[in-house]
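Visitor: Please see the structure below; I have some questions.
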Amino acid sequence: MHEQKGGWQRYAGYITLALMGGLIVLGWRAGIASNVAQVDEPSRPAAVSVADTRSSSDEPAAASAAVDIPVIEDIAFVPAPIPQTFVGRKPEHNFQTYTVERGDTPNGIADQFGIQATTLLGGNPQLSQESSLLQTGVTLVILPIDGVLHDVQPGDTLDSIAEQYGVPVQSIIDYTPNNLEFPYRLYPETQILVPGAVRDVFVWTPPSLESVRGRSSREGSGVTPVIVGTGTFIYPVNSRNFTQYFWYGHPGIDIALGEGTAVVAADTGTVTFAGWNIYGYGNLIVVNHGNGYETFYAHLSGISVVPGQIVYKGNVIGSTGNTGNSSGPHIHFEIRANGVQDNPCFYVGGC
Ligand SMILES: [Zn+2]
């Protein structure tokens, strides 16, 4: 028994040693495992932080990327999506305006804003020719630099616009508020500023003397002789109440006076036009002076001459009125030298 007991105790000792050894081994392995776990530990927060980033700030981008990727693969053979979906910015202008005050002149207004008088027409096409709209109370668009505000038409290109105004394409692109960026799409019903451009004004030309002679001939009144004027001019009316002077947008002088006042020929010549003019002059008389000069008398209420008729300096040829593009009784008086509109004030002794 004693020996058996001692034997059991000896076995128990072995078992205890074996268990202890096992525990040591397990503990060692657990230590490795825990070390491995600790090595992995720092990488977990990194993974979590990426997930956090996606789920928070970049949510829309991540969502669209998820949609876009298969689409791009599906349409791999069609052109890249960027040109198809190009949407440029439309022009964003912010112009000053100016309300015309009593006594203002186009040149005076232009000087005030440091622009050319032609630019008043560049920003305000309604000022052209005989519209006579440069009046007290009218509000004008003041372009910030010299040029023309162009209404974009369907089919317009930068090249066509540059050619139309005779300016470099680059100057149109360089004007920042035009918002032009490659591929330079233009939008009808918008306006782009064309720097350095000058708006054309329509110039109506009366029929030539030859055609007047032919017409007179057919009417049986014989060939109208072309008489040569004196070369000096008088005022066609007695009033000196000037309401608009000569400038690029207005090729003559306007003198306000009551309707029905006598209008006289400024010099001797041949009437080349006497009747209604559809381009804003209303009832109009044109006298050709046979020396390169022509005089125009517009907005008349009465005409007392006929084409082909000779008139002498100071003869009454009609009466003042308010016809055509006219906003009050006045005469519009023009002098053309070899077809070019010139300032009548230079010829009638100052204005
Ligand atoms: Zn006028």
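Coordinate-derived values only; no laboratory data. Just so it is clear, the model here is predicted, and its values are computed rather than measured. Virtual Cβ from ideal backbone geometry, glycine too; neighbours counted across all protein chains shown.
Visitor: Give me ARG185, ARG336, ARG89, ARG102 ranked fewest to most by other Cβ atoms within 10 Å of their Cβ, as a rough exposure proxy.
Guide: ARG102, ARG89, ARG185, ARG336
Visitor: Related question: For the stretch 219-295, which chymotrypsin sites (Phe, Trp or Tyr not before Pro) pass both filters: DSSP loop (anything but H, G, I, E, B) and at most 15 other C-beta atoms within 10 Å?
Guide: TYR279
Visitor: Can I ask one more? Sorted from fewest to most neighbouring beta carbons within 10 Å, what does the list LEU284, LEU143 look like?
Guide: Least crowded to most crowded, the residues run LEU143, LEU284.
Visitor: Next up: So how do VAL286, VAL348, VAL306, VAL271 line up by other beta-carbon neighbours within 10 Å, fewest first?
Guide: VAL306, VAL348, VAL271, VAL286
Visitor: Right, next: Rounded to the nearest 20 Debye, what is the dipole magnitude of the stretch 209-346 about its Cα centre when Lys and Arg each give +1 and Asp and Glu each give -1 at the C-beta?
Guide: Around 180 debye, computed over the stretch 209-346.
Visitor: Same structure, new question: Using +1 at the Cβ of each Lys and Arg and -1 at the Cβ of each Asp and Glu in the stretch 96-195, identify which of SER171, GLN153, GLN135 lies farthest towards the dipole's positive end.
Guide: Ranked along the dipole, the leading option is GLN135.
Visitor: Tell me, in nm to one decimal, what length is gained between ASN179 and ILE278 on full extension, where the rule is 0.36 nm per residue of separation less the Cα-Cα distance?
Guide: 31.7 nm
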